[in-house]
Structures are given as C-alpha cells and as structure tokens.
Amino acid sequence: MNSSNPVYLFEASDKPSLKEFSVPLVKATEESVKGYGCLMDDPENVEIEIVTWPAQGWRPVDDDTGNQGGYVEGIFKGEWQGDTLMGSNDAVNGHYVLGWSTDPQMASSERQSASRDKVLLWHFNYHPDGGQLFFPLEPKPFVVPVALPGDDLTPDKVIAFWLDGSKGLYIHPGIWHEGIFPAEDSQRFLDRQGRVHARVSCDFGEEFGVYLSVPLKLDAE
C-alpha cells in the first residue's frame, strides 16, 4: 500500500505483526500544547487558520486570494468495535481504522479480547491547507497523537496529548495527527477543518516497520 494513497478501511488481519514503539503521553496544558495549537473552552472563539494556496512559479498569488475556501464542520466519532478503534468524520465524509488495542493479527472486530489501555497506531497525516479543531461533545477523557510540521517524520518525534474532556484542542496547519482516541467505548467531537482538506500521509508500518503504541491513560490518572 502506497502511503500517498492510503486505504483506511480493511480487516485487522490484513496488517502484519510489527514491533511497538512507545509514544509519551503528555497532559495537555496551555504550555505543553504551544507550537502545536491551543486549548479552548468554546469553539466559537477559535478561528480556523486557512493557508494561502502556494504559488506555482515566480509569480506570487494575488493578495486576498487563494485562502477563501473557508472550513467545513461535522461530527467526528471514535468508537471501539471489539479490539479495533474506528473513526468517522462527517465533515469530510471519512471512515477509518484508527488502530487496535493489540497485535492486529490477534485483534477481533467482534469482541474485546485485550485491555483497551493503548492504541496501536498505523497511520499519521497532516493538512497543509488549514488548521483543525476538535471539541468533545461529551465531557470524557480523550487522547490526540501529534507531531510538529515537517515531512521528515520519525516515530520518536510523536507525542500524545491527554485531555480530561473539559476543553477542546485546536491544531495549526501542518501538524501531524490522527483521529481522536476516546479513553472509553466511544465519544463524539465537533470537528472543523479547512474545506480543501489536502492530506499528506505516513504509514508507520511501511516506512519504519513499527506501530506507535499510544497510551490512553495517564499514570497518575
């Protein structure tokens, strides 16, 4: 599978057994999310950044053009189905396998066979055209894995933010991320993101031979 054209819906058994690479879990605070984005109490107070369309040559894009697409809005839902964490995003009509709670060769989509204390993450993406907002519609804990901009992504550059559900998270354009991971069986979020919805992808298994092991609970939680 070419990571520039990823397939998001598949059986867990289609993916191989791979080593796990542990991702640090960081409590989201105003300080810890700096550079990635910001926390929010009210999504209406956050402006979605829209990036101007890049010039194709030496002639610049005219002022006040190339950034008028605005944003789309919908409900993002993360839901466990057995050992598989599924995601859906109404804003862009997206449906995804986000990861598993255990080795995909052992994972079941029919029943829970492993503790849901982590997600084995296979894929990351970023949006060069705009920022993205996630606001929980139920006040329950959730986790968002992220990495700073740059196409030279490696597993050691990834961290995961843990939020208690009282605030939402906004991320800047170009921030690597994946869908939101609920700490419980399912959770819904308000999602807003750039209407162009350009997406750049990384398949960790193909590129690095690992899955990222993202914890769902803080040690002190």
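The values are calculated or read from the model by the stated rules, or taken from the named source; none is laboratory data. Remember, predicted model here, so these are calculated numbers, not experimental data. Positions of Cβ are generated from backbone atoms using ideal geometry, with glycine treated the same way; all protein chains shown enter the neighbour counts.
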Could you go through segment 96-110 and let me know if any residue there is of a type in the set (D, E, K, R), at pLDDT 95 or above, on the phi < 0 side of the Ramachandran plot and outside any strand (DSSP E or B).
yes
Residue ID - nearest to Leu120 (Cα to Cα), chosen from residues in segment 49-82 that are without any contact (Cβ under 8 Å) to a residue 24 or more places away in the chain and among the aliphatic types (A, V, I, L, M):
Ala55
Which residues, counting only those in segment 5-45, are of a type in the set (Lys, Arg) and surrounded by 14 or more Cβ atoms within 10 Å (Cβ to Cβ)?
Lys15
Scan segment 85-95 residue by residue and report those that are in contact with a strand residue (DSSP E or B) (Cβ under 7 Å, 6 or more places away or on another chain) and assigned to a loop (DSSP other than H, G, I, E, B).
Asp90, Ala91, Val92
Take Arg116 and tell me if it is more than 15 Å from the chain's Cα centre (by Cα), closer than 22 Å to Glu184 by Cα and in a loop (DSSP other than H, G, I, E, B).
yes
Is one or more of the residues making up segment 74-84 assigned to a loop (DSSP other than H, G, I, E, B) and either of a type outside the set (S, T, N, Q) or surrounded by 20 or more Cβ atoms within 10 Å (Cβ to Cβ) (or both)?
yes
Can you list residue pairs whose Cβ atoms sit under 9 Å apart, with the first residue in segment 107-130 being without any contact (Cβ under 8 Å) to a residue 60 or more places away in the chain and the second being assigned to a loop (DSSP other than H, G, I, E, B) and surrounded by fewer than 15 Cβ atoms within 10 Å (Cβ to Cβ)? Count only pairs 6 or more apart in sequence or on different chains.
Ser113/Met106; Ala114/Met106
Any residue at all in segment 172-179 that is among the β-branched types (Val, Ile, Thr), outside any loop (DSSP other than H, G, I, E, B) and touching a residue at least 24 places away in the same chain (Cβ under 8 Å)?
no
